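Below is one structure; the comments refer to it alone.
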Amino acid sequence: MKRPELKVTRKDGSSFVVPVTGLACSIGRRECDLNLEDTAISRRHCEIAVAGDGWVVRDLRSSNGTFIGGERVTERVLQPGEIIRIGQSEILFTMTEAPDLPEGGPAEAGGVPPSRVPLAEDTAVWNILELSVAASEARTWQRNYLETIVKRLRAERGCFLSVDPVTGAVMPAVSIAMEFVEAGPEGSVPFSRSIVDQAVSERRVIATTNAEVDPRFRDAVSVAKYDIRTVLCAPARWQGVPVGAVYLERLLTKDPFGEEDSQHLQDLADLLGIATMAWQAQQAGSKDGWEREQLLRTFPETEVTALLARGGASAIRRHGREVCHVAIAFSKTADLIAGVNEEAWRLVSQLYAQANDILLRHGGAVSPGLAAHFGALEGPGVDAALNAVRAAVEIQKTARPVVKRFARDMKLSFGVGIGVSLGESLAGWFGSGPRTDFLALGEPSAVARGLALQAEDGEVLADQAVFGKVRLHFNTHRLAPVTLPGVARQVPVFRIVAI
């Protein structure tokens, strides 16, 4: 069976080949089957699709048009050998023979597209894919699968890197080095992050025969540090989106990776991407349910519903804006620590949970360590500071019976101080892999934490910016300015007294 193949040549003269495996291939700058980093190309520029017995190219209302032979086209039947020009890139359309997958094979069961290489006949490859969803340890089957890839592509070492779905951070997951090849520290495999980042961002295979002289990577620190030369890297995609990358390197073999190697690795990497998502779905029950559960730990339920409609956690990007920070400090805990018992632990744990519930109920995004950020999603406004102070006052009211019980029944000292600060911060997801938190970083965070530590038991202390937003709603007392750790200036302080 013949299938289309697209040879893309960019402005700098570099080229790569993309097989068309479905009934259509969308081309553009973002969110397409083929994504090209070219500012002259629209987000969804054009598509190549089946039409009758042939194939056509359709312009998708692009800004700068789709051209064949210098003529701008809206829709046109394609002939093998014709060149499509979009932006500053040229796409050569050809037809090539591709093997069919056997009936009832993995393409039908798992939606794996046809490949130039008959991978369906490789028992080891498909067994690993099928068994992955039942494996309790991802590293075990990922390592076995990576070893299969390294051997099939005649590489000497390689690694699988995962892409965090929230932050986009690329982190090494598993690595393989042949016995006769030196590994990195603690058995890891050195790799070029520049090469991996390009493969993930462009969603295509990246190959280089000598990274040290390749203009794309010769300035990369890792290339010189680890003496990186012959590399092949492919994104591990799921529904077209990279969830990881497979990175292979030849150190002793002088032969460069060929075009067939590139296509073979892309097929194998995509299977790894499918297996990774299948395993995650098996572990979490469902991606949507897992994501909702994680978001509910940080955001109020109304915000979570809106976030899921916008694409979930991945829809939240890091950005600078005015945010109101709330920090809570448990103080006077020396006696509590020295004489800890189950009843005291239960009370503190209960108060911790109640404080988080109050912060969420008032619209705060909760961070680890009894902190929250108001306005990190909605933007600046009076409500952010007002809701933050209301939450702080309610938390102090909730804490009073607990503090009194410690003093009366257990003869233990315990206190709760709260600080509130308003100002420009960088808000968004930070971290990767098993630990990702929504944080707002900036001086106001340090101010809120410092005020919480300065506050006496039962006090809510605020800075000048918060006072300006809430002074008509709360009674306040001006206190002497203070110097706080990590803050270069003296901070005016106001005690929030009552509503």
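The values are calculated or read from the model by the stated rules, or taken from the named source; none is laboratory data. Note that the structure is a prediction, hence the values are computed from the model and not measured. A quick note on method: Cβ atoms are made from the backbone with ideal geometry, for glycine too, and the neighbour counts reach across all protein chains shown. Just so you know, the surface numbers come from the protein's heavy atoms only, side chains and all, with ligands and any DNA or RNA stripped out. Shrake-Rupley method; radii C 1.70, N 1.55, O 1.52, S 1.80 Å.
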**Förster radius 25 Å - calculated FRET efficiency between K397 and H319, Cβ distance, rounded to 0.05** = 0.15
**Message:** Let me understand segment 196-285 better: what is its radius of gyration from the alpha carbons, and its Dmax, in angstrom?
**Reply:** 14.4, 47
**Request:** Run the quick spin-label model on I337 and I83: label points 7 Å from Cα toward the beta carbon, then report their separation in nm to one decimal.
**Result:** 7.2
**Message:** In whole Hz and in residue order, list the ³J(HN,Hα) couplings for segment 261-276 that follow from phi through the Karplus curve 6.51 cos²θ - 1.76 cosθ + 1.60, θ = phi - 60°; x for Gly and Pro.
**Reply:** 4, 4, 5, 4, 5, 4, 4, 5, 5, 5, 5, 5, x, 5, 5, 4
**Asked** Spin-label point model (7 Å from Cα, Cβ direction): what's the R143 to L441 distance in nm?
**Response** 3.2
**Message:** For a quick check: with amide H placed at 1.01 Å from N, whose amide H comes under 5 Å from S413's, ignoring anything fewer than 5 positions away on the same chain?
**Reply:** D335, L336
**Solvent-accessible surface (1.4 angstrom probe) belonging to Y226, in square angstrom, nearest 10** = 80
**Item:** Within straight-line cross-link reach of K151, lysines at Cα separation under 22 Å, skipping those fewer than 8 residues along the same chain
**Value:** K254
**Message:** For segment 340-499, take every pair of Cα atoms, bin their distances at 5 Å starting from 0, and report each bin as a whole percent.
**Reply:** 2, 9, 18, 21, 20, 15, 10, 5, 2, 0
**Nitroxide proxy distance, nm - points 7 Å out along Cα→Cβ at R471 and A169** = 4.1
**Request:** For segment 1-89, state which GluC sites (Glu not before Pro) are in a DSSP loop and have at most 14 other beta carbons lying within 10 Å of their beta carbon.
**Result:** E31, E37
**Message:** Checking the table K11/K225; K332/K397; K404/K469 against a 24 Å threshold on Cα-Cα, which pairs fail?
**Reply:** K11/K225; K404/K469
**Request:** Provide Rg over Rh for segment 384-450; use the alpha carbon set for both Rg and the Kirkwood Rh (inverse mean inverse pair distance).
**Result:** 1.12
**Complete:** Per the 1/(1 + (r/R0)^6) rule, R0 = 35 Å and r from the Cβ atoms of E424 and R216, FRET efficiency to 0.05 is 0.45
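Could you work out how much longer the chain between R405 and N64 gets when fully extended? Use 0.36 nm per residue separation minus the Cα distance between them, nm to one decimal.
Value of the extension gain: 115.6 nm.
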**Prompt:** Kirkwood-based Rg over Rh for segment 348-432 (C-alpha set), two decimals?
**Reply:** 1.04
**Complete:** Spelling it out for V243: with amide H atoms placed in the peptide plane at 1.01 Å from N, the residues 5 or more places away or on another chain with amide H under 5 Å from its amide H are A236, R237, W238
**Request:** Set the Förster radius R0 to 30 Å, insert the Cβ-Cβ distance between E75 and T9 as r into 1/(1 + (r/R0)^6), and round the FRET efficiency to 0.05.
**Result:** 0.85
